Amino acid sequence: MNATTYLLCFVAGLLGMTFHIFAIKIPAVKKQATVANMGFSYGAYLKDDLAAILASLLTILILLVVLDEVVKFKPEVLSYLKFFFVCIGYMGSSVLISVMGQAVSKINSVVDLKTNISDALQPPVSSAASIKVE
């Protein structure tokens, strides 16, 4: 295996991860924020889920480190490496953002607060600006 193979595998994994984040996850979070009557910003989302995104990237890098051992164990996998890395990038991002992501939790806490106010379980808040999400 040469440097080009490693580079192409890294790019394939990065593309799978990026596809999941920008084509699947961000539109879903944006929709949830709209339903919760909250603003959405790409910067805030990326800040909230940065740890999960970096963990996804780390997963791709770890796989690159052990790739030569995988190929020695099963040489026939060499024909499918880029596809394998796209899948790992996508699925790794999906799982890690689901487990570690904070953006959806923040939106859900605002929805819970608004529901509690609506159900008269909590006194109304004077303004939306005073709702603090930690």
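Here, each number is a calculation from the coordinates, and none is a lab measurement. Predicted, not measured: the structure shown is a model, and the values here were computed from it. Here the Cβ is made from the backbone with ideal geometry for all residues, glycine too, and neighbour counts use every protein chain on show.
Scanning the stretch 60-119 for residues that are more than 20 Å from LEU50 (Cβ to Cβ) and polar (S, T, N, Q) turns up SER79, THR115, ASN116, SER118. Among the residues of the stretch 43-98, not one is surrounded by fewer than 12 Cβ atoms within 10 Å (Cβ to Cβ) and in contact with a Gly (Cβ under 8 Å, 6 or more places away or on another chain). In this structure, is ALA33 over 30 Å from THR115 (Cα atoms) and among the aliphatic types (A, V, I, L, M)? Considered against the rule, which asks whether it is over 30 Å from THR115 (Cα atoms) and among the aliphatic types (A, V, I, L, M), ALA33 comes out as no. For TYR42, the stated conditions hold: it is closer than 30 Å to LEU113 by Cβ and of a type in the set (Phe, Trp, Tyr). Assess whether ALA103 counts as being within 13 Å of the chain's Cα centre (by Cα), more than 30 Å from THR5 (Cα to Cα) and in contact (Cβ under 8 Å) with a residue 40 or more places away in the chain. Criteria met by ALA103. Of the residues that sit in the stretch 38-80 and are touching a residue at least 12 places away in the same chain (Cβ under 8 Å) and outside any helix (DSSP H, G or I), which one is nearest to ILE97 (Cα to Cα)? By that ranking, first place goes to ASP49.
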